[in-house]
Amino acid sequence: MNIVVCLKQVPDTETQIRIAPDGKSIVTDNIKWVMNPYDEYAVEEALRLKEKFGGEVTIIAVGPKRVTESIRTALAMGADRGILVDDPSVAGSDSLGTARVLEAVIKDLDYDIILCGKQGVDDDYGLVGSGLAELLGIPQISVVIKIEVSEDGSTVKAHREVEGGTLVIEAPLPVLMTTQKGLNEPRYASLPGIMNAKKKPLDMKTIADLGLDASEVGESGAKIKIMQITPPEERKAGKIVEGETPQEKAANLARSLHEEAKLI
Amino acid sequence: MAQGIWIVTERREGELRKISFELVSEGRRLADKMGQSVTAILLGSHIKQKAGMLGKYGADKVIVADDDRLATYTTDAYVSVIAQLAQASEPAIILLGASVQGKDLSGRLAARLGVGMAQDCVAFSLENGNLVAKRPICAGKAYATVTFQDSSPQIATARPNVFALNDPDDSREIDLIDADFSLDDSQVKTKVIESIQEAGGKADLTEAETIVSGGRGMKGPENYKILEELADLMGATVGASRSAVDAGWRPHSDQVGQTGKVVSPNLYIACGISGAIQHLAGMRTSKYIVAINKDPDAPIFQKADYGVVGDLFDIVPALTEEIKKII
């Protein structure tokens, strides 16, 4: 069973976001770049499926050279090979543009399952997975917290987290699924794994290699344009509720919520 | 020329969800500025009687796709039907809810139509008749204002609990239209084989009016009982910080923050939560924030409307008793 994992590199969630002077982007200096947290679940699940069914796990990413570090992390966890599309013309792609690049890489591969994190924790669009499934013409199951592939490898049953419950969805392979926290506990790379990862193939590709036209991707092909990035409205610290005892503080808080905020 | 605003409605357990009325309300406000109409799209089986309510909130027309195969949501069937309807009628804008279903549907629909899609928007405006959408990035650490290029229709999802509901107007009449579509069963590859409902019937965190949330300061899973008592009394949903979830005290679906749920309740009560940046990102748009923490220097107090410095194990039960006296 061959599995493709689409990976994104994002700022660590502890990062304080600073807006660049152009007002349309964020400052990327001194950012700690990490594998998108939701993609870790995708890598882990791919490895578990490989352990059960055999086959190969291929990691695919789009982005600058620094992304090779995150691909190496996935290889150190146990993935077999990586492909990075590093091309200046993909800068400024929207989700559909990124999906188009991924499709160009994946369409010629032999794959049964594609896994993507449910969204990047930077742009928060969550559209690459469904866009890619559409371009490839395969079914999608999004936000999954449990994956069961049939013994003969022909169908998958996935638990999908929805508001107030879970849906169990069945689909034939090949299928694309987007992964959610709760699916598994991602492993750490072992020391031998890290050493091995250095020897695993990591291919670099350009847009021209993929037979794509630069105008279809990047900023020129983007259907969504960022006009402005602004900080969130500052919340001011309110008041500290006074009181001599916990009971008094609780009573004062309840009164404030009732009389001032009219919440109860 | 593309015209009009379409709202893709959503149902749960047969009933239209609140987000659908929020979308119709916002669609009405935008359509009035454009001098255009609001059309709600209703997919399902035997659902025509639900159309009237959409009119009261501002829809002019409701297109109903009534088919047994649409009784439950599947990506394949819903995308196929909505794409056919959109290609036939060419709306200028399509709005959906940024719910689990709306996010699943909108991405594939936008890819099929080859147009732009703005996810999880918190404000809309118009510029020369084109949609301008404001949406959080990095779970709300910043906001991006985006526009569309070569996109007809322009598609966006709206975050639940953000857009104000119109006052329902019982005198409004709707134009009910039967959708003209075809559905090829061989194209519907995914199938819902089971629906497991969480016990208790509490509102999901993303839709809750009030959230009582506990963090590392809860010290263990058994102590969430005091939060649940307060939550039951207030009709609230219980949430948790990442450290509480990672410790295995609460299910991951309870997590609020950048790798959990981003919430906008009227009232968020943070108990024993210090206020890590990734947690604040997920709840800072709450209308009121209450923080209960024994560390007076906890960052959460910088964002809280009401801060209580003290031991949550004393304060929370006392608060429950005090609220009982009021309600």
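Side notes on the structure shown:
- Candidates A:151, A:161, filtered to the one that is among the charged types (D, E, K, R), within 9 Å of chain B (Cβ to nearest Cβ) and without any contact (Cβ under 8 Å) to a residue 40 or more places away in the chain: A:161
- Selection count where residues are modelled with pLDDT of 95 or more and surrounded by fewer than 16 Cβ atoms within 10 Å (Cβ to Cβ), scope the range B:248-262: 1
- Matching residues, the range A:229-254, being part of a helix (DSSP H, G or I) and at the interface with chain B (Cβ under 8 Å from one of its Cβ atoms): A:246, A:247, A:249, A:250, A:251, A:253, A:254
- Total residues in the range B:232-263, condition assigned to a strand (DSSP E or B) and among the β-branched types (Val, Ile, Thr): 3
- Hits in the range A:80-99 - residues which are in contact with a helix residue (DSSP H, G or I) (Cβ under 6 Å, 6 or more places away or on another chain) and within 14 Å of another protein chain (Cβ to nearest Cβ): A:92, A:93, A:95, A:96, A:97, A:98, A:99
- Residue ID - surrounded by the fewest Cβ atoms within 10 Å (Cβ to Cβ), chosen from residues in the range A:170-228 that are assigned to a helix (DSSP H, G or I) and within 14 Å of another protein chain (Cβ to nearest Cβ): A:215
- Pairs, first over 11 Å from residue A:36 (Cα atoms) and at the interface with another protein chain (Cβ under 7 Å from one of its Cβ atoms) in the range A:114-127, second among the small types (Gly, Ala, Ser) and crowded, with 24+ Cβ neighbours inside 10 Å, C-beta under 6 Å, six or more apart: A:125/A:95; A:127/A:95; A:127/B:107
- Tally, over the range B:208-259, of residues that are within 20 Å of residue B:288 (Cβ to Cβ) and within 11 Å of another protein chain (Cβ to nearest Cβ): 10
- Residue satisfying condition, being among the β-branched types (Val, Ile, Thr), under 19 Å from residue B:113 (Cα atoms) and buried (at least 20 other Cβ atoms within 10 Å of the Cβ), within set B:82, B:63, B:19: B:82
- Flag for residue A:135 being facing chain B (nearest Cβ under 7 Å) and either in contact with a Pro (Cβ under 6 Å, 6 or more places away or on another chain) or surrounded by fewer than 23 Cβ atoms within 10 Å (Cβ to Cβ) (or both): yes
- So residue B:262, is it in contact with a Phe, Trp or Tyr (Cβ under 9 Å, 6 or more places away or on another chain), in the same structural domain as residue B:236 (by TED's automatic domain parsing) and not basic (Lys, Arg): no
- Listed by position, the helices (runs of 4 or more DSSP H) contained in the range B:19-125 that have at least 3 residues being more than 10 Å from chain A (Cβ to nearest Cβ) and over 27 Å from residue B:205 (Cβ atoms) are B:51-56, B:75-89.
- Across the range B:1-16, the qualifying residues are those that are surrounded by fewer than 22 Cβ atoms within 10 Å (Cβ to Cβ) and not in a loop (DSSP other than H, G, I, E, B), and the one among them that is farthest from the other protein chains (Cβ to nearest Cβ) is B:16.
- Every residue from the range B:264-285 that is more than 9 Å from chain A (Cβ to nearest Cβ), aliphatic (A, V, I, L, M) and part of a loop (DSSP other than H, G, I, E, B): B:273
- Test: residue in the range B:232-247 that is buried (at least 20 other Cβ atoms within 10 Å of the Cβ) and among the polar types (S, T, N, Q): yes
- Every residue from the range B:286-312 that is more than 8 Å from every other protein chain (Cβ to nearest Cβ) and either in contact with an Asp or Glu (Cβ under 8 Å, 6 or more places away or on another chain) or crowded, with 20+ Cβ neighbours inside 10 Å (or both): B:286, B:291, B:292, B:293, B:294, B:298, B:300, B:312
- Residue match in the range B:152-170 (condition: part of a strand (DSSP E or B), more than 7 Å from every other protein chain (Cβ to nearest Cβ), among the charged types (D, E, K, R) and crowded, with 21+ Cβ neighbours inside 10 Å): no
- Some residue of the range B:278-294 being on the phi > 0 side of the Ramachandran plot and free of Cβ contacts under 8 Å to residues at least 40 places away in the same chain: no
- In the range B:193-226, the residues that are over 22 Å from the mean Cα position of the chain (by Cα) and of a type in the set (Asp, Glu): B:194, B:222
- Matching residues in the range B:177-193 - criterion: being assigned to a strand (DSSP E or B), assigned by TED's automatic domain parsing to the domain that holds residue B:89 and surrounded by fewer than 12 Cβ atoms within 10 Å (Cβ to Cβ): B:178
Let's see how each residue does on (1) assigned to a strand (DSSP E or B); (2) modelled with pLDDT under 95; (3) not assigned by TED's automatic domain parsing to the domain that holds residue A:113:
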residue	(1), (2), (3)
A:10	yes, no, no
A:15	no, yes, no
A:22	no, no, no
A:29	no, yes, no
A:40	no, no, no
A:45	no, no, no
A:50	no, no, no
A:59	yes, no, no
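- In summary, residue B:315 fulfils each of the numbered conditions (1) facing chain A (nearest Cβ under 7 Å); (2) part of a strand (DSSP E or B) with the single exception of condition (2).
- Any hit, the range B:205-212, residues being surrounded by fewer than 12 Cβ atoms within 10 Å (Cβ to Cβ), modelled with pLDDT under 95 and over 20 Å from residue B:316 (Cα atoms): no
- Single residue of the range B:318-327 satisfying the filter (facing chain A (nearest Cβ under 7 Å) and not in a loop (DSSP other than H, G, I, E, B)) that is surrounded by the fewest Cβ atoms within 10 Å (Cβ to Cβ): B:326
The values are calculated or read from the model by the stated rules, or taken from the named source; none is laboratory data. Everything quoted here is computed from the prediction, not taken from an experiment. Cβ sites come from the backbone with ideal geometry, for glycine too, and all protein chains shown count toward neighbours.
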